[in-house]
Amino acid sequence: MAASPSRPSPLEQFLQYAEFERGLSANTIASYRRELGKFFAFLGERRLDCLRLDEAGLVDFIRREGRRGGAASSQAHLISTLRSFYRFLLHDDLVDASPAAAVALPKRWARLPKYLTTEEVERLLEAPDAATPRGLRDRAILELMYATGLRVSEVAQLKAADVYLDEGFLRVRGKGGKERVVPFSSAARSRLQAYLEAGRPALAGGGAEPMFVNRGGAPFSRQGLWKMIKGHGGRVGLAARLTPHVLRHSFATHLVERGADLRSVQMLLGHSSITTTEIYTHLAKDQLKRIYDEFHPRARRKGKESKGGEPGSPR
C-alpha cells in the first residue's frame with residue numbers, strides 16, 4: 001500500500017510508534033526495520049498488500065524465510081516482529097484482523113515490564129519548572145499520566161472537552177476507538193487547574209481544542225511527548241529507564257502492590273483482555289511475600305523458632 005503525501009506508510013507508522021510511544025532502543029528499531037524490510041520485499045514480489053494479507057500468505061512468507069536457514073530463535077524473532085506489527089495495525093484500525101494472531105511462537109518466559117519506584121516518580125513529577133507555561137503543562141501531563149496510566153497516544157489525542165475537572169474524571173478514546181472513563185487524583189486535578197489557568201492560555205492563544213499543546217498551539221505529537229518525558233527524566237537521573245510506557249507500567253504496578261484487583265486495573269488501562277493485565281501480578285510478588293511473612297502464623301513462628309524456639313516449646 002502506497003503512503004499518501006501527508007500520511008506515512010504502515011511500516012513507518014509502526015516504527016514511529018515503536019520509537020516514540022514504546023521508547024524501544026535503536027537496536028530494536030533497526031531489527032524491526034530489517035525483518036519487516038524482508039517482509040515488504042516479499043509482498044512486493046507477490047504484489048500483495050500488507051493491509052489485505054491473510055494468514056496463508058503470511059505463513060508462506062515465514063516458511064520461505066525458514067527454508068533459507070537460520071536458528072529457530074531467528075524464526076521466533078521474525079514471527080514476534082510480525083505479530084507486533086499487525087497488533088499495531090489492528091489497534092490503529094488499519095486492519096480488521098491480524099493474520100499473525102494464530103501463528104504460534106515458541107514458549108518463553110514473559111518479560112516483566114520496567115517501572116519506577118514511588119520515590120522516582122516523585123522526583124520526575126517535580127522536575128518541570130512551574131514558573132513557566134511549558135513547565136505547568138509538563139507537570140500536568142506527567143501527573144496525569146501517572147494518575148491514569150494513559151498511553152502517550154491517548155494523551156496526544158485528549159481534548160479539553162474530555163476532561164471533567166470538577167468531577168475528577170476524563171473520557172479516553174483508546175486503541176480501536178474504544179472509549180473508557182478514567183478517574184484521576186486530586187494532585188492531578190490541582191496541576192491540571194494550574195495549567196488551564198496560567199499555562200494553556202499562554203501556549204494555545206485562542207482556545208485550541210486539544211488539551212495539551214506545543215509552543216505553536218498545535219497538538220502534541222507522540223514524538224514531542226516522548227522527547228519531553230525523556231528530557232525531564234534526564235534532569236532527575238532517570239533517562240536511561242524512562243519511556244512513556246514506563247509511567248503506565250508504574251501506575252498499574254503501584255495499584256496492584258496496594259491491593260487493587262486486576263479487573264479494575266484492566267478497565268483503567270483499557271486492556272481488552274485480562275491476560276494482558278495479569279503480568280502485573282508478577283510485579284507484586286515481593287509485596288505478597290512480605291504480607292505472608294507478616295501475617296501467616298507459621299511464617300512468624302519460624303523466625304522465633306530459629307532463635308531457640310518459643311518459651312515452653314520442646315527443644
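The values are calculated or read from the model by the stated rules, or taken from the named source; none is laboratory data. Values in this document were obtained by computation on a predicted structure and should not be read as measured data. FYI the Cβ positions are ideal-geometry reconstructions off the backbone, even for glycines, and counts take in every protein chain you see.
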With criteria (1) surrounded by fewer than 23 Cβ atoms within 10 Å (Cβ to Cβ); (2) under 16 Å from the mean Cα position of the chain (by Cα); (3) among the acidic types (Asp, Glu), GLU126 comes up short on (2)
Failed condition for ARG191, given (1) touching a residue at least 12 places away in the same chain (Cβ under 8 Å); (2) over 30 Å from ASP93 (Cα atoms); (3) of a type in the set (D, E, K, R); (4) surrounded by fewer than 19 Cβ atoms within 10 Å (Cβ to Cβ): (4)
Being under 13 Å from ARG137 (Cα atoms) and not in a helix (DSSP H, G or I) is the requirement here; does ARG180 meet it? no
Helices (runs of 4 or more DSSP H) wholly in region 249-314 with at least 2 residues that are within 31 Å of the chain's Cα centre (by Cα) and modelled with pLDDT of 80 or more - which ones? 262-269
Restricting to region 158-177, name every residue that is under 14 Å from THR148 (Cα atoms) and part of a strand (DSSP E or B). VAL163, TYR164, PHE169, LEU170, ARG171, VAL172, ARG173
Does any residue of region 63-77 turn out to be within 23 Å of the chain's Cα centre (by Cα), polar (S, T, N, Q) and crowded, with 16+ Cβ neighbours inside 10 Å? no
What are the residue pairs meeting all of these: first residue in region 227-240, first residue in the same structural domain as VAL152 (by TED's automatic domain parsing) and crowded, with 17+ Cβ neighbours inside 10 Å, second residue assigned to a helix (DSSP H, G or I) and acidic (Asp, Glu), Cβ atoms under 8 Å, and 6 or more apart or on different chains? MET228/ASP138; HIS232/ASP138; LEU238/GLU120
